[in-house]
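Values quoted throughout were computed directly from the atomic coordinates according to the rules given, and no laboratory measurement underlies them. Every value quoted in this text rests on a predicted model; they were computed, and no experiment measured them. With ideal geometry, Cβ positions are generated from the backbone for all residues, glycine too; neighbour counts draw on all protein chains shown.
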């Protein structure tokens, strides 16, 4: 047995992505049983020898968030007790990332709690993509490799050969990401200011920038209820935009989000398979694979090589811009 080769395992959160990653790395997907007892407790058994091996567990903590998080923690614990040499939690989507600070009295910092749980269970490294808040990397005292979906999204967007394009941030918080895409695509930049009326409802207020007669690309890190995207798209259309596209790294659509997109003026939503993406009948949804991005990172981590070139787009480093 070659102990220098990595082994990739998966829970039930996104097994299709894990299989793609294993195929890219050139290894068979590791065999593990991950099921639930009748009372809801999770049972894990790793069905092959991993003693002294370099283990990668692919498990985005997307909805059902708590179930997928517990599967990941228990798989890490099982690998640790099976004497794995190194255990990397591969989390294309990091659940609870929006609870990264105390923004009101008597609330937890759950993103930090999740970090503590991962380390306590036995993870020795974290591989993640497009964290909602970059400071989450500082919640860990173990190495964190933070990748970005921008190179994957950029390649597809460039292939569309959009002309007279403007990149728009659908809210103030996404201005840095929008600015990075604007520079990459050599376009103008605009921003929509919004007011959130509830956790699932958004009222867009005003637009800063010129979109009249232009194609518009809205960029954001994730969407669930699609309130921010659809409200911003409506306002952009009212200001004379010719076509409206949206690109998000993580797509965790609820029933409300699907209905909003179907009823919206958005012409196409581009996202990645960081999570399992629900289809949207009657709406153009493009899902791009990040398996090669994550697989290449695994190959380089396992081989002790640098992953910094994975941040490059068109030969230019964008690590500080696209997060």
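Some observations on this one:
- Extending 7 Å from Cα along the Cβ direction at residue 12 and again at residue 175 yields two label points whose distance is 4.4 nm.
- Among beta bridges that DSSP assigns inside the range 150-288, antiparallel share in %, nearest 5: 25
- nm² value of the averaged projected area, convex hull over the Cα atoms of the range 110-210: 8.4
- Degrees between helix 15-25 axis and first principal axis of the chain (Cα, 0 to 90, nearest 10): 80
- Counted over the chain with a bin width of 10 Å, the fraction of Cα pairs per bin, in whole percents, is 6, 26, 33, 23, 10, 2, 0.
- Neighbour-count ranking [beta-carbon atoms within 10 angstrom, fewest first] of 258, 301, 76: 258, 301, 76
- Alpha-carbon Rg/Rh ratio, for the range 208-281, with Rh computed the Kirkwood way: 0.97
- Label point 7 Å beyond Cα of residue 36 along Cβ direction - residues of the range 110-143 with amide nitrogen under 17 Å: none
- Contour minus Cα-Cα distance for residue 268 and residue 81 (0.36 nm per residue): 62.7 nm
- DSSP finds beta bridges in the chain, and of those with both partners inside it, around 25 percent are antiparallel.
- Percent RCO, i.e. relative contact order, over the chain, from Cα pairs under 8 Å lying at least 6 residues apart: 15
- Gain upon complete extension [residue 141, residue 19; 0.36 nm per residue less C-alpha separation]: 41.0 nm
- Value of relative contact order over the range 1-109, rounded to a whole percent, pairs C-alpha under 8 Å and six or more apart: 27
- Ordered by the count of other Cβ atoms within 10 Å of each Cβ, fewest first, 186, 239, 250, 132 give 186, 239, 132, 250.
- Using only Cα coordinates, the Kirkwood hydrodynamic radius of the range 24-151 works out to 15.4 Å.
- Between residue 120 and residue 306, the FRET efficiency from the beta-carbon distance, with R0 = 30 Å, is close to 0.55.
- Considering only 205, 104, 67, the Gaussian network model of the chain with Cα springs below 10 Å gives its largest mean-square fluctuation to 104.
- Debye log10 I(q)/I(0) at q = 0.11, 0.17, 0.20 Å⁻¹ for the range 1-91, Cα point scatterers: -0.27, -0.66, -0.90
- Relative contact order of the range 150-288, defined on C-alpha pairs under 8 angstrom at six or more residues apart (%): 20
- The long axis of helix 150-159 is offset from the longest Cα principal axis of the chain by roughly 50 degrees.
- Ordering 129, 70 from the fewest to the most neighbouring beta carbons within 10 Å gives 70, 129.
- GNM top mover of 100, 145, 255 - the chain, alpha-carbon springs below 10 Å: 255
- Using alpha-carbon coordinates, inclination of helix 227-238 to the longest axis of the chain, degrees: 20
- You can think of it this way: the chain between residue 284 and residue 259 has 7.7 nm of extra reach, that is 0.36 nm per residue less the Cα-Cα gap.
- Distance between the modelled labels on residue 107 and residue 208, one decimal in nanometres: 2.4 nm (7 Å Cα→Cβ projection).
- A Förster distance of 51 Å, applied to the separation of the beta-carbon atoms of residue 155 and residue 47, puts the FRET efficiency at 0.85.
- Cα pair distances exceeding 20 angstrom across the range 150-288, given as percent: 39
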